[in-house]
Amino acid sequence: MELNEANLQTLTEFLRKTLDPDPAVRRPAEKFLESVEGSQNYPILLLTLLEKSQDNVIRVCAAVTFKNYIKRNWRIVEDEPNKISEQDRTAIKANIVNLMLSSPEQIQKQLSDAISIIGREDFPQKWPDLLTEMVNRFQSGDFHIINGVLRTAHSLFKRYRHEFKSNELWLEIKLVLDTFAQPLTELFKATIELCQTHSTDVNALKVLFSSLTLISKLFYSLNFQDLPEFFEDNMETWMTNFHNLLTLDNKLLQTDDEEEAGLLELLKSQICDNAALYAQKYDEEFQPYLPRFVTAIWNLLVTTGQEVKYDLLVSNAIQFLASVCERPHYKHLFEDQNTLTSICEKVIVPNMEFRSADEEAFEDNSEEYIRRDLEGSDIDTRRRAACDLVRGLCKFFEGPVTGIFSGYVNSMLVEYAKNPGVNWKHKDAAIYLVTSLASKAQTQKHGITQANELVNLTEFFVNHILTDLKSPNINEFPVLKADAIKYVMIFRSQLPKEQLLQAIPLLVAHLQAESIVEHTYAAHALERLFTMRGANNTSTLITAAEIAPVTEQLLTNLFKALALPGSSENEYIMKAIMRSFSLLQEAIVPYIPTLIGQLTHKLLLVSKNPSKPHFNHYLFESLCLSIRITCKANPATVGSFEEALFPVFTEILQNDVQEFVPYVFQVMSLLLEIHSSSIPSSYMALFPHLLQPVLWERTGNIPPLVRLLQAYLQKGGPTIASTSADKIPGLLGVFQKLIASKANDHQGFYLLNSIIEHMPPESITQYRKQIFILLFQRLQSSKTTKFVKSFLVFVNLYCVKYGAIALQEIFDSIQPKMFGMVLEKIVIPEVQKVSGQVEKKICAVGITKVLTECPAMMDTEYTKLWTPLLQALIGLFELPEDDSIPDDEHFIDIEDTPGYQTAFSQLAFAGKKEHDPIGDAVSNPKILLAQSLHKLSTACPGRVPSMLSTSLNAEALQFLQGYLQAASVQLV
């Protein structure tokens, strides 16, 4: 694409259309942009637009499009086309920092993100001057520019907080510190001085305080992995200033907004984080500063109000106390009973209260509330922090703390009992306190795994939880109902089974509650209970028989819950449906005819605009379970599933709903694999479309498409050969594309093995030699362990299918003596690497045939390879698998490839059974070897024993004697 006015105009038009709410206008525009993103100058055109366009909306749109383009395409992945030319890459890196610093804030943020994405790949090796270019801007004195630099540095260094330690990481951090630490410290001091100079100018203070917050975040990232020498030497400067900022209170920076945290709160929260980091990781060096931070943070907690804007500050301040009280040598700070009482009274209890802001979130923003409360993303809530502090204090003071709180719990419950309608929040706080006191260790899978012995969970359940669950009006006190459900869920491993069974019908009833939080928690609790394992870990704790009385109600209520306002795509309900199907198994068969209609209808609706990936995944899992369970009971019902699903599937494939296409292929494979005879015509009509190259461009489609083609071959190899012979080159074209890619070559072999196994031999005769030539070309260009393992399985499968003579002839027809070279250079040295029962069996049977059914092995120059090949086969039987991988082979996992293509999501319940192409024809390959050697020795007496005695090592010979005895044969 030329850099000219016409192209800028075209691009502007298409960008404008991508903002159109009408999918008929938006989708084609998005497709167009996707189609041109491989063109040279495309990113430069976007940058030109975001710099020069007169229309602000277009500038922001260009910035977002540019950032997403960088996100998808900057990383260079082996075997994938590189969509950004070197020229464009250089031009982007040369201009982007300047452009970012001179853009308005909205655009600055997008470009700053783009720089950090590029930096992650190219910095420091391919972009050595990035840091110096940024540091030089500190001198500008313009805080719009300085904040741009700080923001970019923050997004660049943030990853140091969660990277694994490695030499490369140390070297990179060292380089950053050498260039950046000193200027950052100077900027920190200068900014603090400027705050004093401009202490009466509110606009100047706003800019300066946002700089201080960014500087504090950078401090956290640069100190996270280890304590750098520079910061240790300058600790006095940093800590004294941090302490002063914590105690600072500037009236001009106080905000009236009760919701949104102001600059002062954001800065102090980050300083609490920094102090907690030092207290936890570098406590010796930090010891001199600790007492004054404890005092400052304690005062902060006692004087800060209950407004939402202080939530982050309060929770970080409490987290600081929590991290200090867990360390043995700060224990003395908390030992005094009065101190403990004071912490409980002034910090913990007030921050466990259910505030009106929480109530609003519960009613009006349930999704966010659930995410914070259930999924533990409530790191910045007061309640979570208070809960962590209780746990921290219990480490050394479990008895006194439990004692203090028991009093609070009892008085709260007494208050509640006086007037439930008014005082229900007291009970909520009491339940929360009991939960935080009782839970010592928790996992996603089992809920609470370790509990405080001083708290009687069962008694509390019977006296205070069950009453709420049993109350006939499920819509009264929804918060307490949700608390009660959550209690059952998190203490499920602690409560006796009979109480769980008592709770299940009550939870089923709560699926009908109007409150989104309440019915979501009910679904989630049921799903968790249904996954619990029994004592012997082989079966589920709760059996299908035990929930038989409520089965109908359970299924009815779950599906009805999807119709409740706000829950039409509720992933917890969908997951509970999936789990119920899985637990109930054949008990769901009578309900499937009505349920499948509801599931398909739901699928049709969500396919119009897929927005909830988890919901969609569980929806497809539930479809697979319905098919599996029903067709296991009666295989003939597969037709009625196809009737129900195919119209929706057709629509999904025609509209190219990218997120759903891989799922559709998996469900179709499952359906097709259930058919016992040939391929139905409805599938054959689709076959040519599955070979279209465009489908194979998306990595997420490859595994399910290969499996679907394997199902076609398995069920209808002869049909394809007779009615679609013209499609065989297309099928082999797919194999050729896959085999060229290191990431997907194993998929190419899956396809090839199915072709060899299921297609009539004559239908592929003309292509066989070309297949082998392609494989040899790949072996020469990049021989990897994964490729060699797959190649060995294929060669041996070919031998099993077509015979050893055919294998030797095809190799030698490509190049004289090729067969010997393959045996010597690949089969003998590498066969030990083959893994997997079926794969090993195929290799064993194939090698046995080469040893015993290939005349060339007995009387040509290949004979010298006979004993080493036998030795390798005995090694395959008896030695441990060789799983070593050469140093230079560390593949990028398919899942890691960047981009917005939906990665492939395997459906657990669409799983494919392992297929053994040899089957029962050979049950024990060792016996087969013995019998085949016996047969060979009968045909040429004396030869086999003499070859064995001269060159097979003693240990292998001993194993072989064992096989011969087991088969009751001997060699002559």
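The values are calculated or read from the model by the stated rules, or taken from the named source; none is laboratory data. Computed from a prediction, not measured in an experiment: that's the story for all the values here. A quick note on method: Cβ atoms are made from the backbone with ideal geometry, for glycine too, and the neighbour counts reach across all protein chains shown. Keep in mind that these areas ignore ligands, DNA and RNA; they rest on the heavy atoms of the full protein, side chains included. Shrake-Rupley method; radii C 1.70, N 1.55, O 1.52, S 1.80 Å.
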Sequence-distant residues sharing a close amide H with residue 540 (under 5 Å, placed H): 534
Environment charge of residue 791, counting only residues whose C-beta is closer than 10 Å and scoring Lys/Arg +1, Asp/Glu -1: +2
Note, residue 829: beta-carbon cut-off 13 Å, +1 each Lys/Arg, -1 each Asp/Glu, net +1
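Where nothing but the Cβ of Lys and Arg (+1) and of Asp and Glu (-1) is charged, how large is the charge dipole of the chain around its Cα centre, in debye to the nearest 20?
Working: 88 positive and 115 negative charges, 496 e Å.
It comes to approximately 2380 debye.
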Here segment 496-506 yields Karplus 3J(HN,Hα) values (6.51, -1.76, 1.60; θ = phi - 60°; whole Hz; Gly and Pro given as x) of x, 4, 5, 6, 5, 5, 5, 6, 4, x, 5
Angle in degrees between helix 420-438 and the longest Cα principal axis of the chain, rounded to the nearest 10: 60 degrees
Residue 391 accessible area, 1.4 Å probe, all protein chains in place, Å² to nearest 10: 80 Å²
To the nearest Å², the heavy-atom accessible area per residue of the chain with 1.4 Å probe amounts to 43 Å²
In the chain the accessible area split gives carbon plus sulfur, as whole percent at 1.4 Å, a share of 52 percent
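Rounded to a whole number, what is D in µm²/s for the chain from Stokes-Einstein with the Kirkwood radius over alpha-carbon pairs (20 °C, 1.002 mPa s)?
Answer, rounded: 64 µm²/s.
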Angle between the chain longest axis and helix 702-723 axis [Cα atoms, degrees, rounded to 10]: 30 degrees
Sorted by average packing, counted as other Cβ atoms within 10 angstrom per residue and highest first, what order do 394-407, 941-954 take? 394-407, 941-954
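Rounded to the nearest whole Å³, what is the per residue volume of the convex hull around the Cα atoms of segment 549-707? Each step should come with its number before you reach the end.
Details: hull volume 17.4 nm³, N = 159.
Given the Cα convex hull of segment 549-707, per-residue volume reads 110 Å³.
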Quick check: net charge around residue 22, other residues with Cβ under 14 Å of its Cβ, Lys/Arg +1 and Asp/Glu -1? +3
Compare the Cα positions of 155, 117, 46 along the charge dipole of segment 35-176 (+1 at Cβ of Lys, Arg; -1 at Cβ of Asp, Glu; about the Cα centre) and return the one farthest towards the positive end. 155
Per-residue ³J(HN,Hα) for segment 246-262, Karplus 6.51 cos²θ - 1.76 cosθ + 1.60, θ = phi - 60°, Hz, x for Gly and Pro: 5, 8, 6, 9, 9, 4, 5, 8, 6, 10, 8, 5, 8, 8, 7, 5, x
Can you give the angle from 0 to 90° between the axis of helix 638-654 and the longest principal axis of the chain, with both taken from C-alpha atoms, to the nearest 10? 70 degrees
Taking H placed 1.01 Å from N in the peptide plane, check which residues at least 5 places from residue 451 or on another chain put their amide H under 5 Å from its amide H. 440
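Identify the trypsin sites (Lys or Arg not before Pro) of segment 567-629 meeting these criteria: DSSP loop state and at most 15 other C-beta atoms within 10 Å of the C-beta. Before the final figure, lay out the partial values.
Working: sites: 575, 579, 602, 608, 628; in loops: 608.
Passing sites in segment 567-629 are 608.
How much mean residue ellipticity at 222 nm does the chain get from its helices, if each DSSP H run of length 4 or more adds -39500 (n - 2.57) and you divide by all residues, to the nearest 500 deg cm²/dmol? Could you put the intermediate results ahead of the total?
Values: 48 runs with 656 residues, N = 972.
When only DSSP H runs of four or more count, the value is -21500 deg cm²/dmol.
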Once 112, 968, 411 are ranked on solvent-accessible area with the largest value leading and a 1.4 Å probe, the list reads 968, 411, 112
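From the Cα gyration tensor of segment 29-175, with a ≥ b ≥ c the square roots of its eigenvalues, which class applies: rounded if a/c is under 1.5, or else prolate if a/b is larger than b/c, or else oblate? Write out the running numbers ahead of the final one.
On the way: a/c = 1.99, a/b = 1.17, b/c = 1.70.
Since a/c reaches 1.5 but b/c is at least a/b, the shape of segment 29-175 is classed as oblate.
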Output ³J(HN,Hα) for segment 545-553: one whole-Hz value per residue in order, computed from phi by the Karplus curve 6.51 cos²θ - 1.76 cosθ + 1.60 with θ = phi - 60°, and x for Gly and Pro. 5, 5, 9, 3, x, 10, 3, 4, 4
To check my understanding: the extent here is largest minus smallest coordinate of the Cα atoms along each principal axis. What are those three numbers for segment 435-572, in Å, largest first? 42, 35, 25
Can you give the accessible area of residue 302 in Å² (nearest 10), computed on protein heavy atoms with a 1.4 Å probe? 70 Å²
Cα-Cα P(r), segment 152-290, percent of pairs per 5 Å interval: 2, 9, 19, 22, 20, 14, 9, 4, 1, 0
For the chain, with +1 on Lys and Arg beta carbons and -1 on Asp and Glu, the positive-most of 846, 237, 92 along the dipole: 846
